[in-house]
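Take a look at the structure set out below.
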Amino acid sequence: MTDHSVAATLPSGPFRFIALDVETASRDSASICQIGIACVCHDNHIRSFTTYVNPEQSFAPFNTELHGIDAQTVATAPRFPEAWTMLKPLLELHHLVQHSSFDSRAVSAACRAYRMPNADLSWSDSVKIARKAWPEFKGNGGHGLANLKQELGLSFQHHDAGEDARAAAQVVLLAENRLGQSFDLISGTTRKAQFNLPLGRS
């Protein structure tokens, strides 16, 4: 089960990769109200972490209906700067996976909104990975998490950031098996990962 406690222990790496998902309070992509990560260990075990985030703006009824989060839910949650300061050191060491490009756009928008430097992150899109692994889904339900949940037999609560992050990670692991290729080959971008750290820093 996903742990939504702010006091929950952040997983420590190194990991093969980390899937990340966010939920937002409104159509404003900077209005992040929940961040979830799914850290894939070298034995493919997944360790999850989720935190609510106080977006410091109003919740749109459509968004609350979608994910069940409202102002009361996040009343005591950290603001984005605090949550991101906690997560950023771990995320910068790993290659990240998002299902579509929404999550990286939301993180960048939130960083801009709070006048924080944008994180130096390396991303892959599990939608593109799923298209490689299951081209037959094109025009037949597509490669969104809802259809992949049904087609691949995944079990998760859609529109919960931690659950969706875990699902994206599972999609990648299943794609590795389906294609017979490692994440390094199917990720579609130069892998940053923890062994590409800058040298010479104390």
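The values are calculated or read from the model by the stated rules, or taken from the named source; none is laboratory data. Because the structure is predicted, anything quoted here is derived from the model rather than measured. Glycine also receives a Cβ, built like all others from the backbone with ideal geometry; neighbour counts cover every protein chain displayed. To get the accessible areas, we keep the full protein, side chains included, count just its heavy atoms, and leave off ligands, DNA and RNA. Shrake-Rupley method; radii C 1.70, N 1.55, O 1.52, S 1.80 Å.
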Practice item. Can you tell me which of 151-160, 171-180, 49-58 comes out highest on packing, and rank the rest after it, using the mean Cβ neighbours within 10 Å? Key: 49-58, 171-180, 151-160
Exercise for review: Can you work out the PRE-style zone for M86? Point 7 Å along Cα to Cβ, and I want the residues of the range 22-56 with backbone N under 20 Å.
Suggested key: 22-25, 30-40, 47-56
Exercise for review: Bin width 10 Å, alpha-carbon pairs only: give the P(r) of the chain as whole percents, running from 0 to the bin holding the largest distance.
Suggested key: 9, 36, 36, 16, 2, 0
Study note, to complete from the structure: For the chain, the percent of accessible surface on carbon and sulfur atoms (probe 1.4 angstrom, ligands and nucleic acids excluded) is 49
Review point. For K149, what charge total do you get from the other residues with a beta carbon under 13 Å from its beta carbon, if Lys and Arg give +1 and Asp and Glu give -1?
Key: -3
Revision key, fill the gap. Rounded to the nearest 10 Å², the accessible area of D184 using a 1.4 Å probe with every protein chain kept is 80
Study note, to complete from the structure: Restricted to the chain, the DSSP antiparallel beta bridge percent, nearest 5, is 70
Study note, to complete from the structure: With the 1.4 Å probe rolled over protein heavy atoms, the range 41-140 has an accessible area per residue in Å² of 52
Exercise for review: Sort the following peptides by mean Cβ neighbour count (other Cβ atoms within 10 Å, averaged over residues), highest first: 95-107, 9-21.
Suggested key: 95-107, 9-21
Practice item. Sum up the lysine pairs in the chain that clear both bars: alpha-carbon distance under 17 Å and a spacing of 8 or more or different chains. Key: 5
